[in-house]
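The values are calculated or read from the model by the stated rules, or taken from the named source; none is laboratory data. If you're wondering where the values come from, they're calculated on a predicted model, not measured in any experiment. FYI the Cβ positions are ideal-geometry reconstructions off the backbone, even for glycines, and counts take in every protein chain you see.
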Amino acid sequence: METVCVRVRLKPGSLSRVHEWATELRTRSEEVLATLRNEGVLVESAFLGSDEQGDFLIYYMKARSLEEGMRRSKARLIRSTNTINSSRSRLGRAGRRSNC
């Protein structure tokens, strides 16, 4: 098992995109779960926070293999731009990452 936890500082004005992403994940929960299973992800969580510097996400994932999960995720993203992975990728452009 491998675990990653990153703090993603959101760009100013991108909070609405985060809320849209969360709503999309809830409405497509079966696809989300199937995607996570296919990537070998056991736990994926995102928490929204803010401080004096602005908004951020704490993103936590535990997977059988982070490298294999990322490889599968990228391969699926290349094949289709209308997937949950595409949604996750778009969200990633909303901010800057650092380790937890």
(request) Check residue 31 against each of (1) out of contact with any Ser or Thr (no Cβ under 8 Å at 6 or more places or on another chain); (2) in contact (Cβ under 8 Å) with a residue 40 or more places away in the chain and name the one condition it does not meet. (result) (1)
(request) Kindly list the number of the only condition in (1) in contact with a Phe, Trp or Tyr (Cβ under 7 Å, 6 or more places away or on another chain); (2) modelled with pLDDT of 90 or more; (3) part of a helix (DSSP H, G or I) that fails for residue 9. (result) (3)
(request) Being among the charged types (D, E, K, R), modelled with pLDDT under 70 and exposed (fewer than 14 other Cβ atoms within 10 Å of the Cβ) is the filter here, so list the residues in the stretch 50-90 that pass it. (result) 74, 79
(request) Mind listing whichever residues of the stretch 34-65 are within 13 Å of the chain's Cα centre (by Cα), aliphatic (A, V, I, L, M) and not in a strand (DSSP E or B)? (result) 36
(request) Looking only at the stretch 23-49, count how many residues are surrounded by fewer than 12 Cβ atoms within 10 Å (Cβ to Cβ) and more than 26 Å from residue 11 (Cβ to Cβ). (result) 4
